[in-house]
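Have a look at the structure below before the remarks.
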Amino acid sequence: MKKILFALRQLGVYLLTASILLTACKKDKDGTPGYKSGDLTFKSVFPEEGGGGTMVTISGNGFGDIRTIVFDKGDVVASFNPTLNSPGNIIFRVPNEVNGGPQNIVLTNGAGKTLSVPFNALAFPVVDEAFPTDFSAGSTVTLTGNNLDDVTKVLLQGTTDEATIVSATKKELVLTMPASTVSRAKLSVTNVTGELITSQEFLNVDVATHVFLEDFIDPAQSWSWGGSYTPSTDFKIMGNQSLKATYDKDGGLQIGMWQDLVLPAGTKYLSFWVKGEETERTVNLSINGNGWSGEKTKSLSIPAKKWTNIKEDLTAFYPGLNSVSVIKLQIQGATGGVMYYDNIMFVK
């Protein structure tokens with residue numbers, strides 16, 4: 001008898017639990033906690049400003065049945081968990097897509113009633129990529145990243161040399177670069193939220209020591225062997241032409257100086273662009289300098305099918321280099337192939 005009574009009590013508990021769960025499911029079938037919609041009133045927002053990912057708490061009354069949260073500059077929707085609503089508070093994160101600047105967060109409840117809460121969204125410019133990172137007066141550079149549509153000013157860092165904004169979208173900024181006397185500089189990019197200093201450094205072709213731009217530049221000449229090494233309009237970084245190197249097996253691109261190319265004091269980099277083939281290749285770079293006094297060589301991995309900038313730090317690669325006699329570029333393995341080179345130059 002005791003076992004029977006215990007079993008009946010257990011069955012009663014199970015039935016009661018099931019009834020509660022079913023009721024809860026009916027009330028919560030749309031993901032809301034079941035609070036009735038009412039008038040919305042505002043007490044506080046914390047913090048009062050923030051960027052994408054910032055946790056925001058709005059306090060007041062009537063927040064139990066909030067259905068949408070929208071940042072009204074561009075109508076950017078913020079996601080949130082309705083089950084965490086309470087009549088007095090709602091918690092959510094600023095969406096990463098938020099547009100920067102003062103605006104309202106608009107809360108709408110199940111009855112269609114709204115509340116606008118002032119908020120200053122922080123959306124600093126982001127530059128993930130830049131192409132090309134060489135420039136001259138009037139050349140075009142494209143920045144890609146985020147929060148670029150409201151950029152108001154772009155300067156070469158540390159100068160008043162200002163680029164002209166050609167076009168601006170959320171993800172892309174196209175610039176016409178200014179004339180400048182600096183050899184290289186990062187960019188200062190300012191939008192309504194604030195300033196970004198790019199991680200990318202930009203090299204000024206106008207003040208560099210040139211080896212090849214549209215063609216070989218005196219005293220540079222082609223002393224190449226085993227193939228064809230001539231200017232081509234197939235691809236380019238700037239201007240109209242690059243150097244097309246069609247390597248035969250055992251061939252090599254050799255840029256010789258009929259007299260040593262003297263480097264200005266403080267020269268830091270050998271820079272050039274190279275566009276690879278269908279597969280990644282290894283290219284051996286050699287420099288003989290200081291009046292043919294010695295050669296330094298290193299191997300470079302060149303990705304497939306895209307322009308890659310090589311910026312070789314001469315203080316590590318060839319310490320004490322004052323003048324250049326020969327530059328050689330050979331595909332490792334002597335297998336032949338086609339590579340394109342552009343803007344071969346030395347930069348302070």
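Just to be sure, is ASP218 in a loop (DSSP other than H, G, I, E, B), under 23 Å from GLU312 (Cα atoms) and at pLDDT 95 or above? Considered against the rule, which asks whether it is in a loop (DSSP other than H, G, I, E, B), under 23 Å from GLU312 (Cα atoms) and at pLDDT 95 or above, ASP218 comes out as yes. The residue that is nearest to THR335 (Cα to Cα), counting only those in the stretch 264-274 that are buried (at least 19 other Cβ atoms within 10 Å of the Cβ) and in contact with a Ser or Thr (Cβ under 8 Å, 6 or more places away or on another chain), is VAL274.
In the set (1) loosely packed, with under 13 Cβ neighbours inside 10 Å; (2) without any contact (Cβ under 8 Å) to a residue 24 or more places away in the chain; (3) of a type outside the set (Asp, Glu); (4) in a strand (DSSP E or B), the condition left unmet by TRP258 is number (2). Residue check: VAL45 meets all listed conditions (1) part of a loop (DSSP other than H, G, I, E, B); (2) at pLDDT 95 or above but one, namely (1).
Within the stretch 182-194, restricting attention to residues that are touching a strand residue (DSSP E or B) at 6+ places or on another chain (Cβ under 8 Å) and of a type outside the set (A, V, I, L, M), the residue that is surrounded by the fewest Cβ atoms within 10 Å (Cβ to Cβ) is GLY194. Just give me the residues in the stretch 116-128 being in contact with a Ser or Thr (Cβ under 8 Å, 6 or more places away or on another chain) and either loosely packed, with under 15 Cβ neighbours inside 10 Å or without any contact (Cβ under 8 Å) to a residue 12 or more places away in the chain (or both), in sequence order. ASP128, the sole residue that qualifies.
THR68 passes every criterion in (1) over 30 Å from THR308 (Cβ atoms); (2) part of a loop (DSSP other than H, G, I, E, B) apart from (2). Being farther than 26 Å from ASN204 by Cβ, over 27 Å from the mean Cα position of the chain (by Cα) and surrounded by 14 or more Cβ atoms within 10 Å (Cβ to Cβ) is a condition met by at least one residue of the stretch 287-303. In the condition set (1) assigned to a helix (DSSP H, G or I); (2) crowded, with 16+ Cβ neighbours inside 10 Å, THR83 is compliant with all but (2). Residues in the stretch 275-286 that are in a strand (DSSP E or B) and loosely packed, with under 15 Cβ neighbours inside 10 Å: THR282 only.
Within the stretch 240-252, track down each residue that is surrounded by fewer than 16 Cβ atoms within 10 Å (Cβ to Cβ) and part of a loop (DSSP other than H, G, I, E, B). Across the stretch 240-252, the qualifying residue is only ASN240. Residues in the stretch 234-267 that are at positive phi and either in contact with a Leu (Cβ under 7 Å, 6 or more places away or on another chain) or modelled with pLDDT of 95 or more (or both): GLY239, GLY266.
For the stretch 96-115, the tally of residues that are touching a residue at least 60 places away in the same chain (Cβ under 8 Å) and either in contact with a Leu (Cβ under 8 Å, 6 or more places away or on another chain) or assigned to a strand (DSSP E or B) (or both) stands at 8.
Assigned by TED's automatic domain parsing to the domain that holds VAL182 and within 30 Å of VAL174 (Cα to Cα): does that describe THR144? In short, yes.
Within the stretch 211-223, residues that are free of Cβ contacts under 8 Å to residues at least 24 places away in the same chain reach partners that are buried (at least 16 other Cβ atoms within 10 Å of the Cβ) with beta carbons closer than 8 Å, at six or more positions or on different chains, in the pairs ILE217/HIS210; ILE217/VAL211. Report whether or not VAL205 is crowded, with 16+ Cβ neighbours inside 10 Å, at pLDDT below 95 and either outside the structural domain of LYS73 (by TED's automatic domain parsing) or closer than 24 Å to TYR341 by Cα (or both). When the stated conditions are applied, VAL205 does not pass them.
Being surrounded by fewer than 20 Cβ atoms within 10 Å (Cβ to Cβ) and under 34 Å from the mean Cα position of the chain (by Cα) is a property that THR54 has. From the list VAL141, VAL174, the lone residue that is in a strand (DSSP E or B), under 29 Å from GLY50 (Cα atoms) and not small (Gly, Ala, Ser) is VAL174.
Restricted to the stretch 136-181, and to residues there that are exposed (fewer than 13 other Cβ atoms within 10 Å of the Cβ) and in contact (Cβ under 8 Å) with a residue 24 or more places away in the chain, the residue that is farthest from the chain's Cα centre (by Cα) is THR181.
The values are calculated or read from the model by the stated rules, or taken from the named source; none is laboratory data. As the structure is a computational prediction, the values presented were derived from the model and not from experiment. With ideal geometry, Cβ positions are generated from the backbone for all residues, glycine too; neighbour counts draw on all protein chains shown.
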